[in-house]
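Asker: Sharing a structure here in structure tokens format.
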Amino acid sequence: MPTTSKPETRTVIELISADQLAKATERAKAGNLFVQPTSFLRQYRVVNRDNGNQYYVDFFVRNGKRYGQCTCKAGMNNRQCKHLSVAAGYHVMRMAAKREAERIALMPQAA
Ligand SMILES: [Zn+2]
């Protein structure tokens, strides 16, 4: 019977501040990264146009906090990678647009 319990390793990274997102967006542009939504909600494909590498980034909410995970080597090592950063920026904008659309749709008719 094990006497020590190793903390569970999870490839999750809490999403970052708007300021960090802005910097990440700059890095993404410099790194020639291209973000596309996939057919899964909250999943994005990030393509590095310099070398053709593709990674998948997923976002999820746990205990009220938002997390992301990436399939690249850095992401697997629980590090905040540039793919995650750029996909987070895209995701935040997309969700904001969706909320706004829903808000407008729920507005009572002004007439
Ligand atoms: Zn990554």
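Where a number appears in this text, it was derived from the coordinates with a stated rule and is not lab data. Remember, it's a predicted structure, so these values are computed and weren't measured experimentally. No Cβ is skipped: glycine too gets one built from the backbone with ideal geometry, and neighbour counts run over all protein chains shown.
Asker: Using 0.36 nm times the number of residues separating residue 43 and residue 19, minus their current alpha carbon distance, what extension gain do you get?
Answerer: Stretched fully, the residue 43-residue 19 segment lengthens by 6.4 nm.
Asker: Quote the FRET efficiency, to the nearest 0.05, computed for residue 92 versus residue 63 with a Förster distance R0 of 22 Å and r equal to the Cβ-Cβ distance.
Answerer: Details: r = 19 Å, r/R0 = 0.87.
Once the sixth-power term is evaluated, E becomes 0.70.
Asker: Quick one: if you stick a label point 7 Å off each Cα along the C-beta vector at residue 51 and residue 78, how many nm between them?
Answerer: 2.5 nm
Asker: Please order 84, 106, 33 by the number of other Cβ within 10 Å, starting at the fewest. Numbers along the way, then the final one.
Answerer: Details: 84 28, 106 7, 33 22.
Final ranking by Cβ density, sparse to dense: 106, 33, 84.
Asker: Under a plain spin-label model, where a point goes 7 Å from the Cα along Cα-to-Cβ, how far apart in nm are residue 32 and residue 109?
Answerer: The modelled label-to-label distance comes out at 5.4 nm.
Asker: How much net charge surrounds residue 30 when only the other residues with a Cβ under 11 Å from the Cβ of residue 30 are counted, with Lys and Arg +1 and Asp and Glu -1? Before the final figure, lay out each step's value.
Answerer: Numbers: positive: 23, 27, 29, 82; negative: 26, 50.
Neighbour charge sum, excluding residue 30 itself: +2.
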